[in-house]
Amino acid sequence: MNKQDLVDAVASEVGISRSAAEEAISAVLESISKEVAAGSTVQLVGFGTFARGQRAARTGRNPATGEAMEIAAANTVKFTAGKAFKDAVNRS
């Protein structure tokens, strides 16, 4: 399912226009992105938790030459599925 499929599903489930559903979904995704980027945790009870993590700097290898190279530290996004979401996935 891509974003457009999600918009269509939400619009038909809730009974609103596709444009209203797309606006609402975009607003939710933007809000989650802003909060996680700012270092906050976003918890949607029953669905899951979005949080910012960190990956330390490390030494890697260039696959083409085998030469060692430094890989910089980076922020990552962590998602932990909630119990209800895990249970729904395991039922199918």
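The values are calculated or read from the model by the stated rules, or taken from the named source; none is laboratory data. It should be emphasised that the depicted structure is a prediction, and the values quoted were computed from it without experimental measurement. Reconstructed Cβ throughout: ideal geometry from the backbone, glycine too, with neighbour counts over all protein chains shown.
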| field | Condition met for Ala51 (assigned by TED's automatic domain parsing to the domain that holds Gln4 and not basic (Lys, Arg)) | value | no
Contact list, first residue from region 26-39 and free of Cβ contacts under 8 Å to residues at least 12 places away in the same chain and closer than 21 Å to Val10 by Cβ, second anywhere and in a helix (DSSP H, G or I) and hydroxyl-bearing (Ser, Thr, Tyr), beta-carbon distance below 8 Å, six or more apart or interchain, is none
Within region 31-71, of all residues that are in contact with a helix residue (DSSP H, G or I) (Cβ under 9 Å, 6 or more places away or on another chain) and either among the acidic types (Asp, Glu) or assigned to a strand (DSSP E or B) (or both), the one surrounded by the fewest Cβ atoms within 10 Å (Cβ to Cβ) is Leu44
Within region 4-30, the count of residues that are more than 23 Å from Ala84 (Cβ to Cβ), surrounded by fewer than 12 Cβ atoms within 10 Å (Cβ to Cβ) and either of a type outside the set (Gly, Ala, Ser) or in contact with a Pro (Cβ under 7 Å, 6 or more places away or on another chain) (or both) comes to 2
